[in-house]
Protein chains: 2
Amino acid sequence: MNKKEAIDYCINLAKSANENEIRPNPFVGAVLLDEANQIIGEGFHQKLGGPHAEVFAIEQALQKTTDLSQATIYISLEPCSHFGKTPPCCDLIIKHGIKKVIIASLDPNPKVESVEKLRLAGIEVEIINDPSAITLNKRFFTQHIKLRPYFLLKTASTIDGKIADRNNHSKWISNEDSRQFVHAQLRSNTDAILTSYKTILQDDASFTIRIEGEPIKETNLIIIDKELTFLNTEYNKLPIFYNRTNTKIYFITDKKNTPVNASSIELIEGDFNNEGLIFSSITAQLMEKGFYSILAEGGQKLNASLIDQNMADELYWFIAPKLLNDQQAIPMLGIDKANHLDNAYRLELVDMKRFQEDILLHYFIKQPLD
Amino acid sequence: MNKKEAIDYCINLAKSANENEIRPNPFVGAVLLDEANQIIGEGFHQKLGGPHAEVFAIEQALQKTTDLSQATIYISLEPCSHFGKTPPCCDLIIKHGIKKVIIASLDPNPKVESVEKLRLAGIEVEIINDPSAITLNKRFFTQHIKLRPYFLLKTASTIDGKIADRNNHSKWISNEDSRQFVHAQLRSNTDAILTSYKTILQDDASFTIRIEGEPIKETNLIIIDKELTFLNTEYNKLPIFYNRTNTKIYFITDKKNTPVNASSIELIEGDFNNEGLIFSSITAQLMEKGFYSILAEGGQKLNASLIDQNMADELYWFIAPKLLNDQQAIPMLGIDKANHLDNAYRLELVDMKRFQEDILLHYFIKQPLD
């Protein structure tokens with residue numbers, strides 16, 4: 001196994017994890033090779049709070065040999081050097097006198113200083129900025145480098161890009177299989193759903209997770225409601241106000257210090273301008289509440305604002321085999337701001353799927369500095 | 001080989017033809033089975049003016065046996081009964097005393113009366129309206145049943161459905177590979193391109209067929225130009241006015257009896273209302289000129305009008321990995337006419353292709369009576 005193969009092997013191991021089990025930790029895979037470049041140990045991070053990939057790999061190798069002095073460990077992400085939920089993997093590598101460490105991507109967390117620590121201990125360290133290793137942990141890198149949650153946009157439109165007709169009828173654009181994917185893959189793998197009160201009123205949605213054959217699950221819901229008009233007029237009247245046990249509804253408002261009596265409701269104070277919410281005013285608060293990945297399920301304005309403010313990281317776009325052919329039907333995104341084609345936002349196609357006659361296109365949205 | 005298998009076999013044989021070689025004839029495949037349901041002859045229509053599928057199948061069988069009295073012939077389309085470019089296949093079947101004829105789809109041409117003729121000759125005839133056999137010849141059926149050309153819409157948009165930014169910059173939305181497909185598969189397999197003068201002015205297009213490694217080919221061009229303003233002001237100033245040898249430019253106008261001096265230009269008189277051209281006023285003229293399949297490469301209005309007037313049969317939609325996020329950028333289609341989501345046009349997904357990061361979605365557009 002050569003270097004490239006070993007790195008790809010690590011990345012594939014890392015992907016074996018269930019995102020829901022490790023969030024907000026990154027995906028990590030590790031493989032230990034002996035002098036002859038044969039695998040003697042491997043592992044991946046499987047569970048938040050559980051052992052890191054390196055621990056599995058080293059323990060597996062120790063069952064074969066106690067001498068790791070000629071071994072090289074490949075890791076898809078820089079090993080940790082600090083005491084978190086587990087002891088530092090960096091120390092474990094030093095303790096077992098592993099000869100060389102090859103790191104496919106550096107940890108952006110400033111608390112992690114393994115490279116220096118390993119080199120001081122006389123271990124050879126090679127750093128490869130492997131694009132696949134970086135893409136694998138796009139959410140994690142965004143959280144730690146941009147210090148904000150990772151935003152995923154989900155929208156379902158007709159072929160002419162409409163999410164509702166001109167009278168706001170939107171049930172249903174996409175089919176049952178597409179909607180199942182939203183529940184099982186998107187809502188299930190994010191920390192909260194962000195939406196607008198208009199979307200809630202129009203769709204009469206509950207924003208729970210409904211997977212066939214499983215009990216209904218709650219989700220944290222974040223609602224932009226500048227004046228708290230929606231909260232004041234609709235409280236307890238709509239399906240979102242179900243009896244919550246482990247989630248809350250968060251209202252983003254510019255009304256300071258408003259008291260709230262319901263235990264399942266919290267306010268987040270944000271800044272607004274003429275165009276609406278300034279997302280950077282609430283991102284730190286969202287992170288503090290443990291919302292590292294947020295699924296935006298809103299309308300034209302929410303999608304457009306997140307894109308315009310360079311907060312939109314991914315797009316999941318369902319296309320139904322329908323056409324309205326009406327200019328005044330509601331588009332999936334767009335604001336009134338001139339943009340030259342040469343300056344169009346660029347996206348990277350990640351995947352395409354078919355759900356009967358619906359198409360799902362999954363993109364990364366490139367940010368200006370990407 | 002059972003009945004279903006034999007029909008599918010015929011349809012697959014039919015598809016072996018190159019559409020460009022047979023247009024406007026239909027795709028046809030035929031297979032002859034002996035008493036034991038073994039294939040003794042097969043064929044497909046290969047070339048306009050050349051032998052029909054049945055001729056190939058029967059000739060092949062005759063090399064094995066002179067007695068076809070126990071044979072069954074399966075044909076994807078009703079055999080011809082009239083003298084066209086070749087003698088009637090119906091007579092050939094009768095002449096060789098074939099026992100049974102199984103027809104996967106009836107010929108809508110009223111001149112074709114084979115079923116009756118075969119039955120009168122004592123041949124057992126079974127008619128199956130096989131959906132695949134009908135879809136295979138969608139163009140042919142549209143021409144003969146609706147007595148109008150078959151219209152294919154081609155559009156290339158951003159993810160937010162825009163074909164140009166608000167200042168009409170549209171070069172380039174789609175990538176080189178997508179554009180090659182348009183030349184090699186769409187322009188090459190249709191009889192003319194339909195567009196608007198606005199599209200020509202904005203794109204400075206020549207509308208030729210440019211395939212890498214092949215000489216540039218001409219295409220017939222149909223331009224909607226009600227007042228002939230475009231012809232009068234732009235004649236010979238734009239790339240479309242190249243030196244034509246076997247094609248023409250057709251201007252659709254409501255100016256009656258306007259003389260034209262250029263040999264490569266013809267006028268088609270059409271009716272217009274406030275919304276623009278009434279396509280039904282020109283379809284017969286287009287058919288007379290030999291335009292059975294027409295590729296519409298226009299802007300928002302052309303696409304929207306064809307859809308609104310139930311003339312749009314297929315959609316080839318290229319999606320580039322870009323977003324403008326500008327409400328005022330130019331959409332790929334749409335008119336100002338309310339349409340309830342329940343009455344949305346329905347499409348049938350035929351195929352999806354990927355050209356690097358561009359996606360091509362290919363749909364049949366269902367007509368109200370389909």
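Shielding by partners for peptide A:311-322, expressed as the average number of C-beta atoms from other protein chains within 10 Å of each residue's C-beta, is 3.
Note on chain B: helix-only mean residue ellipticity at 222 nm, from DSSP H runs of 4+ residues weighted -39500 (n - 2.57) and normalised by residue number, equals -6000 deg cm²/dmol. Put a plus charge on the Cβ of each Lys and Arg, a minus charge on the Cβ of each Asp and Glu, and nothing anywhere else: the dipole of region B:1-84 about its Cα centre is then about 200 debye.
If you wrap region B:129-205 in the convex hull of its Cα atoms and look at it from every side, the mean projected area works out to 7.2 nm².
Taking other C-beta atoms within 10 Å as the exposure proxy, A:D177, A:D342 rank A:D342, A:D177 from fewest upward.
The label-point distance for B:E35 and A:Q285, in a model that sets each label 7 Å from Cα toward Cβ, rounds to 8.8 nm. Spin-label pair A:K198-A:N18: with each label point 7 Å from Cα along the Cα-Cβ axis, the two points sit 3.8 nm from one another.
Annotation: for a label point projected 7 angstrom from Cα along Cα→Cβ of A:K226, residues of region A:270-295 with backbone N closer than 17 Å are A:270-282. Computed from label points 7 Å out along Cα-Cβ, the spacing between A:N167 and A:K237 is 2.2 nm. Shielding of peptide B:166-174 by partners, expressed as the average count of other chain Cβ atoms within 10 Å per residue Cβ, is 2.
Between region B:177-237 and region B:8-61, what's the alpha-carbon centroid distance in Å? A separation of 34 Å, based on Cα centres. Let me know the shape class of chain B, please: from the alpha-carbon gyration tensor, a ≥ b ≥ c as square roots of the eigenvalues, rounded when a/c is under 1.5, otherwise prolate if a/b is greater than b/c, or oblate. Prolate shape, in that a/c is at least 1.5 and a/b is the bigger ratio. Placing unit charges on the Cβ atoms only, positive for Lys and Arg and negative for Asp and Glu, gives region B:154-202 a dipole magnitude near 160 debye about its Cα centre. Each Lys and Arg contributes +1 and each Asp and Glu -1, all at the Cβ; summed about the Cα centre of region A:314-370, the dipole is approximately 40 debye. With a Förster radius of 25 Å applied to the C-beta separation of A:K255 and A:Q309, the computed FRET efficiency comes to 0.70. Using a 7 Å projection from Cα along Cα-to-Cβ, the label point at A:G50 is separated from the same position in the remaining copies by 6.3 nm, smallest value first.
Peptides B:325-333, A:8-16 ranked from most to least packed, by the mean per-residue count of other Cβ atoms within 10 Å: B:325-333, A:8-16. Loop-located trypsin sites (Lys or Arg not before Pro) in region A:295-350 (DSSP state other than H, G, I, E, B) with a sparse environment of at most 14 neighbouring Cβ atoms within 10 Å: A:K337. The calculated Kirkwood hydrodynamic radius for region A:3-103 is 13.2 Å, given to one decimal from all distinct C-alpha pairs. Shielding value for A:151-163 is 4, the average number of Cβ atoms from other chains within 10 Å of each residue's Cβ. For the pair B:I127 and B:N189, the difference between a 0.36 nm per residue extended length and the Cα-Cα distance amounts to 19.3 nm.
Calculation over all alpha carbon pairs of the protein assembly as shown in 20 angstrom steps from 0 returns a P(r) of 15, 35, 31, 17, 2 percent.
Sorted from nearest, the other copies put their B:K366 label points 3.9 nm away, the label point being 7 Å from Cα in the direction of Cβ.
Please label the shape of region B:308-370 as rounded, prolate or oblate, based on the square roots a ≥ b ≥ c of the eigenvalues of the alpha-carbon gyration tensor (a/c under 1.5 means rounded; beyond that, a/b larger than b/c means prolate, else oblate). Verdict is oblate for region B:308-370.
Kirkwood radius for region A:59-204, taken over all pairs of different Cα atoms as the inverse mean of 1/r, rounds to 19.3 Å. Cross-link partners among aspartates and glutamates for B:K255, C-alpha distance below 12 Å, same-chain residues fewer than 8 apart left out? By straight Cα distance, B:K255 reaches B:D225, B:E227, B:E269, B:D271. May I ask which of A:K3/A:K85; A:K289/B:K322; A:K154/B:K353; B:K47/B:K226 have a Cα-Cα span longer than 26 Å here? Going by Cα-Cα distance, A:K3/A:K85; A:K289/B:K322; B:K47/B:K226 fall outside the 26 Å limit. What whole number of Å gives the distance from the Cα centroid of region A:282-336 to the Cα centroid of region A:107-159? Going from one Cα centre to the other spans 24 Å.
Eigen-decomposition of the gyration tensor built on the alpha-carbon atoms of region A:265-370 gives equivalent ellipsoid semi-axes of 26, 18, 16 angstrom, largest listed first. Once divided by 2.2 N^0.38 Å, the Cα radius of gyration of region B:209-333 becomes 1.19.
Highest mean first, the peptides B:241-251, B:74-84 sorted by other C-beta atoms within 10 Å per residue fall in the order B:74-84, B:241-251. For a test of the definition: using alpha carbon positions, the gyration tensor, and the 1.5 limit on a/c, classify region B:241-297 as rounded, prolate or oblate. In terms of gyration-tensor shape, oblate. With the convex hull constructed from alpha-carbon coordinates only, region A:125-263 shows a mean projected area of 12.9 nm² over all directions. Full extension of the chain between A:S69 and A:K111 gives 12.4 nm of extra length, using 0.36 nm per residue less the Cα-Cα distance.
Sorted fewest first by neighbouring Cβ atoms within 10 angstrom, B:F272, B:F27 come out as B:F272, B:F27.
All of the numbers you see were taken from the coordinates with simple rules; none came from a lab. Just so we're clear, the structure is a prediction, and the values are computed from it rather than from any experiment. Glycine gets a Cβ as well: all are built from the backbone with ideal geometry, and neighbour counts include every protein chain shown.
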